[in-house]
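Structure first, then comments.
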Amino acid sequence: MKEKIEIVQGDITKLAVDAIVNAANKTLLGGGGVDGAIHRAAGLQLLAECATLGGCHTGEAKITRGYRLPARHVIHTVGPVWHGGTKGEPELLRSAYRSCFEVADRNGIKSIAFPAISAGIYGYPMDKACETAMTEAKSALDKFPGIEKIIFVQFGEGAQKIYLETFKKVFG
């Protein structure tokens, strides 16, 4: 199972996978960080398709085409803003990952790449976000045998180190 997980440092918009995950805001109309980078790389057609989706609630996910991205699809999910963990953030983050995997399964996605959902401007502590990501990936590989590769992509070295350490803890 752990051979289906890959942890890389780089730019998620450059990956040629079935789907990349966008850590989106509720409007799905672009923003900063990963969200803005994905929208810029995909082109205006992504914005136009997202405008037809009616936004997205925290913990849910929706799929679009990838347009100018090497990825065929973008799965947009809205993670929670961190408020100290007392406003349901852990459950909402788990739901965001689960929703992505469910959307992937329904759409025949075999390879999927994730950024660190909620761990950027939303302030979710990287170690906690990473543990949720890895735990949900492990569950998804059991539940959805069609998913052949899960890639976690970090932009910086600090996040990369946390992901590698958490991978060892969760997957042995």
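The values are calculated or read from the model by the stated rules, or taken from the named source; none is laboratory data. A quick note: this is a predicted structure, and the numbers were derived from the prediction, not measured. Backbone-built Cβ (ideal geometry, glycine too); neighbour counts: all protein chains shown. Accessible surface areas use protein heavy atoms only, side chains included; no ligands, DNA or RNA. Shrake-Rupley method; radii C 1.70, N 1.55, O 1.52, S 1.80 Å.
Remarks
- Restriction of the GluC sites (Glu not before Pro) in segment 28-133 to DSSP coil positions whose beta-carbon has at most 16 other beta-carbons within 10 angstrom yields no sites.
- Potential lengthening between Glu6 and Lys87 on full extension [0.36 nm per residue; Cα-Cα distance subtracted]: 26.1 nm
- Between segment 73-100 and segment 127-172, the alpha-carbon centres lie 15 Å apart.
- Label sites at Leu44 and Thr135, each approximated as a point 7 angstrom past Cα along Cα to Cβ, lie 4.4 nm apart.
- Label reach from Arg94 (point 7 Å along Cα→C-beta): in segment 107-130, amide nitrogens under 16 Å belong to 128-130.
- Ignoring lysines fewer than eight residues from Lys110 along the same chain, the ones with Cα atoms less than 19 angstrom from its Cα are Lys2, Lys4, Lys14, Lys62, Lys138, Lys143, Lys149.
- Within the chain, DSSP assigns beta bridges of which about 25% are antiparallel (rounded to the nearest 5).
- Residue-span extension gain [Phe144 to Leu29] - 0.36 nm each, minus C-alpha spacing: 38.5 nm
- Rolling a 1.4 Å probe over the protein heavy atoms leaves Cys56 with an accessible area of roughly 10 Å².
- Atom-type composition of the exposed protein surface of segment 69-172 places 54 percent of the accessible area on carbon and sulfur (1.4 angstrom probe).
- Heavy-atom accessible surface of the chain, averaged per residue, reaches 47 Å², computed with a 1.4 Å probe.
- Taken about its Cα centre, the chain carries a charge dipole of about 180 debye when Lys and Arg each add +1 at the Cβ and Asp and Glu each add -1 at the Cβ.
- Solvent-accessible surface ranking, highest first, for Phe152, Phe144 at 1.4 angstrom: Phe144, Phe152
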